Amino acid sequence: MSDIFNIFVRSVFIDNMIFAYFLGMCSYLAVSKEVKTAFGLGLAVSFVLAVTVPVNYLMDKYLLQAGALSWLGERFATLDLSFLSLILFIAVIAGIVQLLEMVLERYLPALYMALGIFLPLIAVNCAILGGSLFMQERNFPTVIHSFSYAIGSGLGWLLAIVAFAAIRERLKYSNIPEPLRGNGIAYIITGLLGIGFMAFLGI
Amino acid sequence: MKKYLGPLSKDNPVLVQTLGVCSALAVTAQLKPAVVMALSVTVVCACSNLIISLMRNTIPPRVRIIVQLLVVSFFVILVDQVLQAVLYDVSKMLSVFVGLIITNCIIMGRLEAFALSHKPLPSLIDGVMNGLGYGLVLVVVAFFRELLGSGTLWNHPVVPQSWYAAGYMNNGLMILPPMALILVGVMIWAKGGDKSS
């Protein structure tokens, strides 16, 4: 139990997707002009991560890893399909995003409206595929561990983009040197936020 | 000719268009993985541009994203397997970031914006140039981070021992991830800012 909680805290603060691994930076920089839209995107990313990572965990465990196919019989026990993981993961992600979109539109229209345009865009967000790939690299023992990792990473991403959007809203009124306006200062602020987050390394 | 050179400076994918930043920064603590990453992205970008451009008249517009993703992931798997076979240590260092080339926005962006509407040869050149424009940023960032952070270049020590004896110290901050972001910010500054905003 405690290691599940550890994974959660670790993925929110220490291995934060944006500040430690720069995953999903493109949308992070593009959609952080306002806190409200940033929150919507952050929510969508957390949501999709929480669904795709456990599914990809099961895919990895029962289809791809060396010996994973042994449930099919002796003949398959020696197969190692892990070189296919990239293509399977991206297919699962694209499929699930599509499916989620339809399910949400039918049963939870309010959430669907809130996520809006961000949901379909997420299929090509590096944070989502990155979540699955890190999950594979870390070899979590059970699907619960991978779920807690997914929720933690998603919340960490949400935290980062909302904090950054709030700073950016204030930034509009400050006097920045001409060549740094726009993206220049955005990178530097993210870097400084990242240094701030490194204080959590001690936890 | 001029329009193909754009990605190297005026339309640089990382500095100006803010594409592909995700993987650009994570692999730049040292020069060697940065160069390998730059070459991998160039290969994937050029090859998938070429293939998509060859197929551009047969892909139904509604499913083009899936087709593009499949073509790109095919080349990324090839690159990944080659790296694991030939440069195992670098491949370990790059870890998940080779796989993340699939979702690199530069590649998808070039497929959408260029390869779908141009002939194969210009698409190939466009892919190579964009890959190189991306690589340029990676190499510059990695050069400074390795030089100032570890005092080495390509794993060879370049800062003379006498400097250390005289009190020179490596800047450990340079190796930490946030410094990559700050260096890119400084590069944009040095380049004269981002004119779009």
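A few points about this structure:
- Within chain A, helices built from complete DSSP H runs that reach 20 Å or longer along their own axis (Cα positions) and carry a mean Kyte-Doolittle hydropathy of -1.0 or higher are A:35-59, A:85-107, A:143-171, A:183-197.
- Each of B:129, B:108 was scored by other Cβ atoms within 10 Å of its Cβ. Listed from fewest to most, they are B:108, B:129.
- Evaluated on the stretch B:2-191, the Kirkwood hydrodynamic radius is 17.4 Å, with distances taken between all distinct Cα atoms.
- Ordering A:81, A:37, A:18 by the projection of their Cα atoms onto the charge dipole of the stretch A:1-97, which places +1 on the Cβ of Lys and Arg and -1 on the Cβ of Asp and Glu, puts A:37 at the extreme positive end.
- Debye, to nearest 20: dipole size of the protein assembly as shown, +1 on Lys, Arg Cβ, -1 on Asp, Glu Cβ: 900
- Positive-end ranking of B:161, B:181, B:120 along the dipole of the stretch B:107-197, with charges on Cβ about the Cα centre, is headed by B:120.
- Sparse-neighbourhood loop sites, chymotrypsin sites (Phe, Trp or Tyr not before Pro) in the stretch A:119-153 - DSSP loop, at most 10 other Cβ within 10 angstrom: none
- Simple Cβ-charge dipole of the stretch B:81-189, Lys/Arg +1 and Asp/Glu -1, about Cα centre, in debye nearest 20: 40
- Estimated dipole of the stretch B:2-191 in Debye, rounded to 20 [Cβ of Lys and Arg +1, of Asp and Glu -1, Cα centre]: 500
- Residue order for B:118, B:156, fewest other beta carbons within 10 angstrom first, comes to B:156, B:118.
- Helix runs (DSSP H) in chain B reaching 27 Å along axis by Cα, Kyte-Doolittle at least -0.5: B:31-54, B:64-86, B:120-150
- Cleavage-rule hits, trypsin sites (Lys or Arg not before Pro), the stretch B:129-197, DSSP coil, Cβ neighbours within 10 Å at most 15: B:195
- For the protein assembly as shown: rounded, prolate or oblate by the Cα gyration tensor [a/c cutoff 1.5]: rounded
- Simple label model, 7 Å out from Cα along Cβ direction - residue A:178 to residue A:78, nm: 7.1
We did not get these values from a lab; they are worked out from the coordinates using the rules stated. Predicted model, so just to flag it, every value in this text is computed and none were measured. Here the Cβ is made from the backbone with ideal geometry for all residues, glycine too, and neighbour counts use every protein chain on show.
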